[in-house]
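This report concerns only the one structure given below.
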Amino acid sequence: MNDQNNEITATAEITYTNNSPDKLSFLWLQLDQNVFTKESRYYAINSTSETVDTGGQFGGGYQIQAVKLDGKDVKYAISDTRMQIDLPKLLKGNGGVTRIKIDYSFVCPKFGLERMGVQQTAKGKVFAIGQWFPRMCVYDDVSGWNTLPYLGVSEFYVEYGNIKANITVPANQYVVASGKLLNEKEMYNNEEIKRWKRAKNSDKTINIRQEAEFGENKSSGTKTWKFKIEKARDFAWASSSVFVIDAARINLSGGKKAIAISAYPPESGGEKGWAKSVEYTKAVIEHNSQKWYDYVYPSATNVAATRGGMEYPGIVFCSWGAKGEDLRDITNHEFGHNWFPIIVGSNERLFSWMDEGFNTFLTDLFRETSDKGMQHKKQNIAQAGNIFMNNKLQPIMVGEDNMDIDNVGILSYHKPGIGLKILRELILGPEKFDKAFKTYIRYWAFKHPTPWDFFIQWKIFQERN
Ligand SMILES: [Zn+2]
(Lines give C-alpha, C1' and ligand atoms only; values in the text may rest on other atoms or scores of the structure.)
Protein backbone atom coordinates (compact mmCIF):
# COMPACT_ATOMS: atom_id res chain seq x y z
CA MET A 1 0.00 0.00 0.00
CA ASN A 2 1.22 3.44 -0.93
CA ASP A 3 0.05 5.74 1.87
CA GLN A 4 0.67 8.89 -0.18
CA ASN A 5 -1.60 8.26 -3.16
CA ASN A 6 -3.74 5.55 -1.43
CA GLU A 7 -2.89 2.99 -4.08
CA ILE A 8 -2.92 -0.74 -3.47
CA THR A 9 -0.74 -2.87 -5.76
CA ALA A 10 -1.28 -6.59 -5.38
CA THR A 11 -1.12 -10.12 -6.69
CA ALA A 12 -4.06 -12.43 -6.05
CA GLU A 13 -3.36 -16.15 -6.22
CA ILE A 14 -6.53 -18.22 -6.14
CA THR A 15 -6.65 -22.00 -5.98
CA TYR A 16 -10.17 -22.88 -7.12
CA THR A 17 -11.63 -26.30 -6.48
CA ASN A 18 -14.72 -27.22 -8.49
CA ASN A 19 -16.72 -29.16 -5.93
CA SER A 20 -19.81 -29.23 -8.15
CA PRO A 21 -20.55 -32.35 -10.20
CA ASP A 22 -20.47 -30.23 -13.40
CA LYS A 23 -17.60 -29.69 -15.80
CA LEU A 24 -16.91 -25.94 -16.16
CA SER A 25 -15.78 -24.18 -19.33
CA PHE A 26 -15.33 -20.77 -17.72
CA LEU A 27 -15.01 -19.12 -14.30
CA TRP A 28 -16.51 -15.91 -12.95
CA LEU A 29 -14.99 -13.51 -10.46
CA GLN A 30 -16.31 -10.45 -8.62
CA LEU A 31 -14.45 -7.19 -9.27
CA ASP A 32 -16.43 -5.06 -6.83
CA GLN A 33 -13.83 -2.32 -6.81
CA ASN A 34 -14.95 -1.53 -10.37
CA VAL A 35 -18.09 0.06 -8.96
CA PHE A 36 -15.86 3.13 -8.51
CA THR A 37 -15.09 3.56 -12.22
CA LYS A 38 -16.99 6.20 -14.11
CA GLU A 39 -18.03 3.48 -16.56
CA SER A 40 -19.75 1.41 -13.86
CA ARG A 41 -23.46 0.65 -13.94
CA TYR A 42 -23.68 2.18 -10.50
CA TYR A 43 -22.26 5.45 -11.79
CA ALA A 44 -24.55 5.39 -14.82
CA ILE A 45 -27.59 4.95 -12.59
CA ASN A 46 -26.59 7.42 -9.88
CA SER A 47 -24.32 10.05 -11.39
CA THR A 48 -27.05 12.65 -11.57
CA SER A 49 -28.63 11.92 -8.21
CA GLU A 50 -27.68 13.07 -4.74
CA THR A 51 -26.59 9.57 -3.73
CA VAL A 52 -23.26 9.95 -5.52
CA ASP A 53 -20.82 11.42 -3.05
CA THR A 54 -19.00 14.33 -4.59
CA GLY A 55 -15.88 13.66 -2.52
CA GLY A 56 -14.03 12.13 -5.42
CA GLN A 57 -14.80 8.47 -4.85
CA PHE A 58 -15.20 7.76 -8.57
CA GLY A 59 -12.49 7.33 -11.15
CA GLY A 60 -10.73 4.35 -9.55
CA GLY A 61 -11.47 0.67 -10.14
CA TYR A 62 -9.13 -2.23 -10.86
CA GLN A 63 -6.21 -1.81 -13.23
CA ILE A 64 -5.55 -5.40 -14.27
CA GLN A 65 -1.95 -5.98 -15.34
CA ALA A 66 -1.91 -9.74 -15.96
CA VAL A 67 -4.18 -12.77 -15.63
CA LYS A 68 -2.68 -16.26 -15.67
CA LEU A 69 -4.26 -19.67 -15.36
CA ASP A 70 -2.02 -22.53 -14.21
CA GLY A 71 0.98 -20.37 -15.10
CA LYS A 72 -0.12 -19.45 -18.63
CA ASP A 73 -1.76 -16.37 -20.13
CA VAL A 74 -5.50 -16.85 -20.46
CA LYS A 75 -8.39 -15.14 -22.24
CA TYR A 76 -10.65 -13.08 -20.02
CA ALA A 77 -13.38 -10.48 -20.33
CA ILE A 78 -14.41 -7.76 -17.88
CA SER A 79 -17.96 -6.51 -17.71
CA ASP A 80 -18.66 -3.87 -15.07
CA THR A 81 -17.94 -5.54 -11.72
CA ARG A 82 -17.38 -9.06 -13.07
CA MET A 83 -14.59 -10.94 -14.82
CA GLN A 84 -15.06 -14.08 -16.88
CA ILE A 85 -12.07 -16.33 -17.51
CA ASP A 86 -12.24 -18.79 -20.41
CA LEU A 87 -10.77 -22.14 -19.51
CA PRO A 88 -8.59 -23.65 -22.26
CA LYS A 89 -9.90 -27.07 -21.26
CA LEU A 90 -12.91 -28.13 -19.18
CA LEU A 91 -12.40 -28.05 -15.42
CA LYS A 92 -13.44 -31.41 -14.05
CA GLY A 93 -16.23 -31.65 -11.49
CA ASN A 94 -16.05 -33.27 -8.05
CA GLY A 95 -12.72 -31.76 -7.10
CA GLY A 96 -11.04 -30.44 -10.27
CA VAL A 97 -8.48 -27.74 -9.34
CA THR A 98 -7.18 -24.73 -11.24
CA ARG A 99 -4.92 -21.84 -10.23
CA ILE A 100 -5.60 -18.22 -11.12
CA LYS A 101 -3.04 -15.45 -10.71
CA ILE A 102 -4.02 -11.81 -11.17
CA ASP A 103 -1.67 -8.81 -10.92
CA TYR A 104 -3.63 -5.63 -10.30
CA SER A 105 -3.78 -2.26 -8.62
CA PHE A 106 -6.37 0.32 -7.65
CA VAL A 107 -6.58 3.64 -5.87
CA CYS A 108 -8.61 3.28 -2.70
CA PRO A 109 -11.52 5.77 -2.72
CA LYS A 110 -11.63 8.17 0.23
CA PHE A 111 -15.20 7.23 0.90
CA GLY A 112 -16.12 3.90 -0.69
CA LEU A 113 -19.92 3.70 -0.51
CA GLU A 114 -19.83 3.31 3.30
CA ARG A 115 -17.96 0.00 2.98
CA MET A 116 -14.32 1.09 2.96
CA GLY A 117 -12.23 4.21 2.60
CA VAL A 118 -9.43 6.47 3.77
CA GLN A 119 -10.17 8.76 6.71
CA GLN A 120 -7.90 11.72 7.39
CA THR A 121 -7.65 12.20 11.17
CA ALA A 122 -5.73 14.79 13.18
CA LYS A 123 -2.47 12.82 13.29
CA GLY A 124 -2.69 10.63 10.21
CA LYS A 125 -4.78 8.57 7.84
CA VAL A 126 -6.85 5.52 8.73
CA PHE A 127 -7.09 3.06 5.84
CA ALA A 128 -10.05 0.64 5.96
CA ILE A 129 -9.74 -1.74 3.05
CA GLY A 130 -12.46 -4.08 1.79
CA GLN A 131 -13.38 -5.51 -1.63
CA TRP A 132 -9.72 -5.23 -2.47
CA PHE A 133 -9.09 -8.46 -4.36
CA PRO A 134 -10.90 -10.37 -7.11
CA ARG A 135 -13.19 -12.90 -5.39
CA MET A 136 -14.80 -16.01 -6.83
CA CYS A 137 -18.46 -15.84 -7.75
CA VAL A 138 -20.61 -18.61 -6.29
CA TYR A 139 -21.42 -21.52 -8.59
CA ASP A 140 -24.44 -23.29 -7.12
CA ASP A 141 -27.14 -25.82 -8.01
CA VAL A 142 -29.84 -23.13 -8.13
CA SER A 143 -28.60 -20.49 -10.61
CA GLY A 144 -25.29 -21.88 -11.88
CA TRP A 145 -22.84 -18.95 -11.83
CA ASN A 146 -24.20 -16.07 -9.72
CA THR A 147 -23.05 -13.06 -11.70
CA LEU A 148 -25.37 -10.20 -10.77
CA PRO A 149 -23.34 -6.96 -10.84
CA TYR A 150 -22.52 -4.89 -7.78
CA LEU A 151 -24.77 -1.83 -7.92
CA GLY A 152 -23.73 -0.28 -4.63
CA VAL A 153 -26.75 -1.04 -2.46
CA SER A 154 -27.07 -4.83 -2.49
CA GLU A 155 -24.09 -6.48 -0.93
CA PHE A 156 -22.14 -9.61 -1.76
CA TYR A 157 -22.39 -13.27 -2.65
CA VAL A 158 -18.97 -14.84 -2.52
CA GLU A 159 -17.53 -18.30 -2.04
CA TYR A 160 -15.93 -19.76 1.09
CA GLY A 161 -12.24 -20.42 1.26
CA ASN A 162 -9.09 -20.30 3.37
CA ILE A 163 -7.36 -16.97 2.89
CA LYS A 164 -3.81 -15.87 3.58
CA ALA A 165 -2.83 -12.24 3.09
CA ASN A 166 0.61 -10.65 3.16
CA ILE A 167 0.08 -6.92 3.55
CA THR A 168 3.01 -4.58 3.02
CA VAL A 169 2.58 -1.08 4.45
CA PRO A 170 4.88 1.74 5.63
CA ALA A 171 6.79 0.41 8.66
CA ASN A 172 5.29 2.93 11.09
CA GLN A 173 1.78 1.62 10.43
CA TYR A 174 -0.14 -1.03 12.39
CA VAL A 175 -2.37 -3.47 10.52
CA VAL A 176 -5.45 -5.26 11.87
CA ALA A 177 -7.31 -7.75 9.71
CA SER A 178 -9.61 -10.73 9.33
CA GLY A 179 -8.16 -13.79 11.06
CA LYS A 180 -4.94 -14.50 12.93
CA LEU A 181 -1.72 -12.51 12.76
CA LEU A 182 1.02 -15.02 11.94
CA ASN A 183 4.12 -12.91 12.54
CA GLU A 184 3.25 -11.05 15.74
CA LYS A 185 6.85 -11.07 17.02
CA GLU A 186 8.14 -9.21 13.96
CA MET A 187 5.37 -6.61 14.09
CA TYR A 188 5.07 -5.68 17.78
CA ASN A 189 7.78 -4.76 20.29
CA ASN A 190 8.44 -6.77 23.46
CA GLU A 191 6.32 -4.56 25.67
CA GLU A 192 3.38 -4.74 23.25
CA ILE A 193 3.68 -8.53 23.04
CA LYS A 194 3.54 -8.73 26.85
CA ARG A 195 0.33 -6.69 26.73
CA TRP A 196 -1.15 -8.97 24.03
CA LYS A 197 -0.45 -11.96 26.31
CA ARG A 198 -2.18 -10.21 29.18
CA ALA A 199 -5.16 -9.33 26.97
CA LYS A 200 -5.56 -12.95 25.84
CA ASN A 201 -6.17 -13.86 29.51
CA SER A 202 -8.19 -10.85 30.53
CA ASP A 203 -11.92 -10.16 30.60
CA LYS A 204 -11.10 -6.49 31.19
CA THR A 205 -9.86 -4.34 28.30
CA ILE A 206 -6.06 -4.12 28.07
CA ASN A 207 -4.44 -1.28 26.18
CA ILE A 208 -1.85 -2.56 23.69
CA ARG A 209 -0.75 0.74 22.16
CA GLN A 210 -1.57 4.25 23.29
CA GLU A 211 -1.25 7.72 21.86
CA ALA A 212 1.76 8.63 24.04
CA GLU A 213 3.72 5.85 22.32
CA PHE A 214 3.04 6.92 18.73
CA GLY A 215 6.45 8.59 18.44
CA GLU A 216 8.36 5.49 19.56
CA ASN A 217 7.96 3.65 16.27
CA LYS A 218 10.53 5.42 14.11
CA SER A 219 10.82 2.57 11.60
CA SER A 220 11.22 3.57 7.98
CA GLY A 221 10.76 1.50 4.86
CA THR A 222 8.00 -1.10 4.85
CA LYS A 223 6.80 -4.06 6.89
CA THR A 224 4.80 -7.08 5.77
CA TRP A 225 1.99 -8.22 8.06
CA LYS A 226 0.87 -11.81 7.54
CA PHE A 227 -2.64 -12.98 8.32
CA LYS A 228 -4.65 -16.14 7.84
CA ILE A 229 -8.36 -16.92 8.13
CA GLU A 230 -10.13 -20.19 7.40
CA LYS A 231 -13.70 -20.92 6.26
CA ALA A 232 -14.27 -17.29 5.37
CA ARG A 233 -16.15 -15.72 2.49
CA ASP A 234 -14.05 -12.57 2.46
CA PHE A 235 -11.05 -10.82 4.00
CA ALA A 236 -10.65 -7.15 4.98
CA TRP A 237 -7.99 -5.12 6.80
CA ALA A 238 -7.19 -1.70 8.17
CA SER A 239 -3.91 0.14 8.60
CA SER A 240 -2.76 3.33 10.29
CA SER A 241 0.19 4.89 12.08
CA VAL A 242 -2.24 6.47 14.55
CA PHE A 243 -4.12 3.43 15.84
CA VAL A 244 -4.71 3.18 19.55
CA ILE A 245 -5.16 -0.59 20.06
CA ASP A 246 -7.10 -2.35 22.86
CA ALA A 247 -7.91 -6.02 23.38
CA ALA A 248 -9.57 -8.54 25.72
CA ARG A 249 -10.40 -12.23 25.77
CA ILE A 250 -13.67 -13.61 24.34
CA ASN A 251 -14.98 -16.71 26.15
CA LEU A 252 -16.67 -19.33 23.97
CA SER A 253 -18.21 -22.70 24.78
CA GLY A 254 -16.10 -25.65 25.92
CA GLY A 255 -13.31 -23.37 27.10
CA LYS A 256 -12.56 -22.09 23.59
CA LYS A 257 -11.26 -18.53 23.37
CA ALA A 258 -11.01 -15.75 20.83
CA ILE A 259 -9.80 -12.18 21.19
CA ALA A 260 -11.71 -8.90 20.86
CA ILE A 261 -9.59 -6.10 19.39
CA SER A 262 -10.28 -2.46 18.78
CA ALA A 263 -8.23 -0.03 16.66
CA TYR A 264 -9.04 3.69 16.52
CA PRO A 265 -7.43 7.11 16.19
CA PRO A 266 -6.98 9.01 19.49
CA GLU A 267 -9.81 11.47 18.89
CA SER A 268 -12.30 8.57 18.69
CA GLY A 269 -11.27 7.36 22.16
CA GLY A 270 -12.47 8.21 25.64
CA GLU A 271 -14.80 6.43 28.05
CA LYS A 272 -17.86 7.63 26.13
CA GLY A 273 -16.22 6.63 22.86
CA TRP A 274 -14.01 3.88 21.47
CA ALA A 275 -12.30 3.01 24.78
CA LYS A 276 -15.51 0.98 25.29
CA SER A 277 -15.41 -0.73 21.93
CA VAL A 278 -13.64 -3.93 23.08
CA GLU A 279 -16.19 -4.33 25.87
CA TYR A 280 -19.09 -4.00 23.39
CA THR A 281 -17.43 -6.38 20.92
CA LYS A 282 -16.75 -9.01 23.57
CA ALA A 283 -20.33 -8.79 24.89
CA VAL A 284 -22.10 -9.30 21.57
CA ILE A 285 -19.80 -12.10 20.39
CA GLU A 286 -20.16 -13.99 23.68
CA HIS A 287 -23.94 -13.50 23.67
CA ASN A 288 -24.53 -14.69 20.10
CA SER A 289 -22.11 -17.60 20.56
CA GLN A 290 -23.91 -18.81 23.64
CA LYS A 291 -27.37 -18.24 22.20
CA TRP A 292 -27.01 -19.38 18.58
CA TYR A 293 -23.71 -20.77 17.28
CA ASP A 294 -20.13 -20.45 18.45
CA TYR A 295 -18.07 -17.68 16.89
CA VAL A 296 -15.63 -19.33 14.52
CA TYR A 297 -12.78 -16.86 13.93
CA PRO A 298 -9.73 -16.33 16.18
CA SER A 299 -10.30 -12.59 16.57
CA ALA A 300 -13.07 -9.99 16.34
CA THR A 301 -11.71 -6.56 15.47
CA ASN A 302 -13.65 -3.31 15.57
CA VAL A 303 -12.04 -0.51 13.54
CA ALA A 304 -12.94 3.18 13.75
CA ALA A 305 -13.08 4.05 10.09
CA THR A 306 -14.95 6.37 7.74
CA ARG A 307 -18.63 6.91 8.37
CA GLY A 308 -21.26 4.16 8.36
CA GLY A 309 -20.67 0.54 9.30
CA MET A 310 -19.58 -2.54 7.39
CA GLU A 311 -18.97 -6.15 8.28
CA TYR A 312 -16.34 -8.58 7.08
CA PRO A 313 -15.29 -11.95 8.56
CA GLY A 314 -13.62 -11.28 11.90
CA ILE A 315 -13.41 -7.51 11.37
CA VAL A 316 -15.90 -4.65 11.12
CA PHE A 317 -15.55 -0.98 10.24
CA CYS A 318 -17.71 1.37 12.33
CA SER A 319 -18.00 5.12 12.17
CA TRP A 320 -15.01 6.78 13.87
CA GLY A 321 -17.33 9.49 15.22
CA ALA A 322 -19.72 7.06 16.95
CA LYS A 323 -20.05 7.36 20.72
CA GLY A 324 -22.01 5.85 23.61
CA GLU A 325 -25.21 4.05 22.71
CA ASP A 326 -24.66 4.65 18.98
CA LEU A 327 -21.26 2.98 19.11
CA ARG A 328 -22.71 0.08 21.06
CA ASP A 329 -25.59 -0.36 18.62
CA ILE A 330 -23.44 -0.18 15.51
CA THR A 331 -20.92 -2.62 17.07
CA ASN A 332 -23.75 -5.03 17.92
CA HIS A 333 -25.14 -4.76 14.42
CA GLU A 334 -21.90 -5.19 12.49
CA PHE A 335 -20.69 -8.13 14.58
CA GLY A 336 -24.16 -9.69 14.39
CA HIS A 337 -23.38 -10.07 10.68
CA ASN A 338 -20.70 -12.58 11.58
CA TRP A 339 -23.62 -15.02 11.89
CA PHE A 340 -25.66 -13.71 8.95
CA PRO A 341 -24.29 -13.72 6.23
CA ILE A 342 -20.71 -14.54 7.23
CA ILE A 343 -21.22 -17.95 8.87
CA VAL A 344 -24.55 -18.68 7.13
CA GLY A 345 -23.65 -17.59 3.61
CA SER A 346 -26.91 -16.37 2.10
CA ASN A 347 -27.05 -14.41 -1.16
CA GLU A 348 -26.97 -10.76 -0.08
CA ARG A 349 -27.12 -9.50 -3.62
CA LEU A 350 -30.59 -10.99 -4.05
CA PHE A 351 -31.98 -11.53 -0.56
CA SER A 352 -30.87 -8.75 1.75
CA TRP A 353 -33.55 -9.69 4.28
CA MET A 354 -31.63 -12.91 4.98
CA ASP A 355 -28.67 -10.90 6.21
CA GLU A 356 -29.93 -7.48 7.36
CA GLY A 357 -33.32 -8.79 8.51
CA PHE A 358 -31.97 -11.80 10.37
CA ASN A 359 -29.28 -9.61 11.88
CA THR A 360 -31.80 -6.97 12.98
CA PHE A 361 -33.71 -9.76 14.76
CA LEU A 362 -30.49 -10.97 16.43
CA THR A 363 -29.40 -7.53 17.60
CA ASP A 364 -32.88 -6.50 18.79
CA LEU A 365 -33.11 -9.67 20.87
CA PHE A 366 -29.66 -9.02 22.34
CA ARG A 367 -30.62 -5.45 23.19
CA GLU A 368 -33.83 -6.50 24.88
CA THR A 369 -32.60 -9.54 26.80
CA SER A 370 -29.02 -8.85 27.86
CA ASP A 371 -27.93 -6.35 30.46
CA LYS A 372 -24.87 -5.81 28.28
CA GLY A 373 -27.11 -4.87 25.37
CA MET A 374 -28.52 -1.73 27.06
CA GLN A 375 -31.84 -3.39 28.00
CA HIS A 376 -33.80 -1.46 25.46
CA LYS A 377 -37.50 -1.30 25.99
CA LYS A 378 -39.42 -3.91 24.02
CA GLN A 379 -40.84 -2.62 20.79
CA ASN A 380 -44.59 -2.45 20.43
CA ILE A 381 -45.04 -4.80 17.49
CA ALA A 382 -48.70 -3.90 16.87
CA GLN A 383 -47.85 -0.22 16.50
CA ALA A 384 -45.29 -1.08 13.84
CA GLY A 385 -48.00 -2.65 11.65
CA ASN A 386 -49.04 0.43 9.71
CA ILE A 387 -45.41 1.25 8.85
CA PHE A 388 -44.78 -2.21 7.46
CA MET A 389 -48.05 -2.61 5.59
CA ASN A 390 -48.20 0.68 3.68
CA ASN A 391 -48.71 0.39 -0.06
CA LYS A 392 -45.60 2.35 -1.06
CA LEU A 393 -43.41 -0.61 -0.12
CA GLN A 394 -42.05 -3.10 -2.64
CA PRO A 395 -42.13 -6.81 -1.75
CA ILE A 396 -39.14 -7.82 0.38
CA MET A 397 -38.21 -10.54 -2.11
CA VAL A 398 -37.38 -8.14 -4.98
CA GLY A 399 -33.92 -7.43 -3.50
CA GLU A 400 -32.38 -4.10 -2.57
CA ASP A 401 -31.39 -3.07 -6.09
CA ASN A 402 -35.09 -3.04 -7.00
CA MET A 403 -36.31 -1.20 -3.92
CA ASP A 404 -36.93 2.50 -3.59
CA ILE A 405 -33.79 3.54 -1.70
CA ASP A 406 -35.90 5.16 1.02
CA ASN A 407 -37.58 1.81 1.71
CA VAL A 408 -34.42 -0.25 2.18
CA GLY A 409 -34.27 0.34 5.94
CA ILE A 410 -37.81 -0.94 6.43
CA LEU A 411 -37.75 -3.74 3.87
CA SER A 412 -34.30 -5.24 4.39
CA TYR A 413 -33.96 -4.62 8.11
CA HIS A 414 -37.04 -3.93 10.19
CA LYS A 415 -39.88 -5.76 8.47
CA PRO A 416 -38.12 -9.15 8.31
CA GLY A 417 -36.64 -8.52 11.78
CA ILE A 418 -40.11 -7.95 13.25
CA GLY A 419 -41.46 -10.89 11.22
CA LEU A 420 -39.03 -13.22 12.96
CA LYS A 421 -39.88 -11.68 16.29
CA ILE A 422 -43.62 -12.28 15.72
CA LEU A 423 -42.85 -15.85 14.75
CA ARG A 424 -40.75 -16.31 17.88
CA GLU A 425 -42.81 -14.53 20.48
CA LEU A 426 -46.41 -14.78 19.31
CA ILE A 427 -46.71 -17.77 17.00
CA LEU A 428 -44.23 -20.50 17.94
CA GLY A 429 -42.93 -19.39 21.31
CA PRO A 430 -39.21 -18.93 22.06
CA GLU A 431 -38.46 -22.58 22.80
CA LYS A 432 -39.66 -23.99 19.47
CA PHE A 433 -38.41 -21.03 17.47
CA ASP A 434 -34.92 -21.05 18.98
CA LYS A 435 -34.54 -24.77 18.36
CA ALA A 436 -35.55 -24.38 14.70
CA PHE A 437 -33.39 -21.28 14.18
CA LYS A 438 -30.35 -22.97 15.71
CA THR A 439 -30.90 -26.00 13.52
CA TYR A 440 -31.06 -23.75 10.47
CA ILE A 441 -27.79 -22.02 11.42
CA ARG A 442 -26.02 -25.29 12.18
CA TYR A 443 -27.13 -26.92 8.95
CA TRP A 444 -26.38 -23.94 6.69
CA ALA A 445 -23.13 -22.80 8.30
CA PHE A 446 -20.54 -22.24 5.52
CA LYS A 447 -23.14 -23.04 2.86
CA HIS A 448 -25.45 -20.98 0.68
CA PRO A 449 -29.13 -21.23 1.66
CA THR A 450 -31.91 -19.74 -0.48
CA PRO A 451 -35.11 -18.34 1.06
CA TRP A 452 -36.83 -21.68 0.37
CA ASP A 453 -34.20 -23.50 2.38
CA PHE A 454 -35.24 -21.30 5.28
CA PHE A 455 -39.00 -21.59 4.75
CA ILE A 456 -39.10 -25.33 4.22
CA GLN A 457 -35.85 -26.68 5.60
CA TRP A 458 -36.33 -29.85 3.54
CA LYS A 459 -32.63 -30.60 3.49
CA ILE A 460 -32.64 -30.66 7.27
CA PHE A 461 -35.49 -33.19 7.22
CA GLN A 462 -33.42 -35.22 4.80
CA GLU A 463 -30.50 -35.07 7.17
CA ARG A 464 -32.68 -36.35 10.00
CA ASN A 465 -34.14 -39.23 7.97
ZN1 LIG B 1 -26.04 -4.58 8.30
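The values are calculated or read from the model by the stated rules, or taken from the named source; none is laboratory data. All values reported here derive from a predicted model rather than from experimental measurement. For neighbour counting, all protein chains shown are included, and Cβ atoms are generated from backbone atoms with ideal geometry for every residue, glycine included. Note: accessible area is taken over every heavy atom of the protein model, side chains too, but ligands, DNA and RNA are not part of it. Shrake-Rupley method; radii C 1.70, N 1.55, O 1.52, S 1.80 Å.
Quick rundown of the values:
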{"item": "Rounded to whole Hz, the Karplus (6.51, -1.76, 1.60) HN-Hα couplings of segment 101-115, x for glycine and proline", "result": "10, 10, 9, 7, 8, 7, 9, 5, x, 5, 9, x, 6, 6, 10"}
{"item": "Dipole in debye (nearest 20) - segment 257-336, about Cα centre, beta carbon charges: Lys, Arg +1; Asp, Glu -1", "result": "80"}
{"item": "Amide proton proximity set for K447, modelled H, under 5 Å, gap of 5+", "result": "G345"}
{"item": "Derived scalar couplings ³J(HN,Hα) [segment 304-320; Karplus, 6.51 cos²θ - 1.76 cosθ + 1.60; whole Hz; x for Gly, Pro]", "result": "7, 10, 4, 6, x, x, 8, 9, 9, x, x, 8, 10, 10, 10, 3, 6"}
{"item": "Label point distance in nm, Y443-T369, each placed 7 Å from Cα along Cα→Cβ", "result": "2.1"}
{"item": "Of all DSSP beta bridges in the chain, antiparallel share, percent nearest 5", "result": "90"}
{"item": "Extension reserve of the K435-N189 stretch, reckoned as 0.36 nm per residue once the Cα distance is removed", "result": "83.9 nm"}
{"item": "Segment 88-103 and segment 141-173: distance between their alpha carbon centers, rounded to Å", "result": "18"}
{"item": "Placed amide H near A300: partners under 5 Å, 5+ positions off or other chain", "result": "I259, A260, I261"}
{"item": "Accessible area (Å², 1.4 Å probe, nearest 10) - D404", "result": "70"}
{"item": "Share of carbon and sulfur in the accessible heavy-atom surface of the chain [1.4 Å probe, %]", "result": "49"}
{"item": "Average accessible area per residue (Å²) across segment 44-187 - probe 1.4 Å, nucleic acids and ligands excluded", "result": "46"}
{"item": "Qualifying lysines (Cα of each under 18 Å from Cα of K101; at least 8 residues distant if same chain)", "result": "K68, K72, K75, K89, K164"}
{"item": "Mean accessible surface per residue for segment 408-459, computed with a 1.4 Å probe while every protein chain stays in place, in Å²", "result": "50"}
{"item": "³J(HN,Hα) computed for each position of segment 264-272 - Karplus, 6.51 cos²θ - 1.76 cosθ + 1.60, integer Hz, glycine/proline x", "result": "7, x, x, 5, 7, x, x, 5, 8"}
{"item": "Of the GluC sites (Glu not before Pro) in segment 215-278, those whose Cβ has at most 13 other Cβ within 10 Å and which sit in DSSP loop", "result": "E271"}
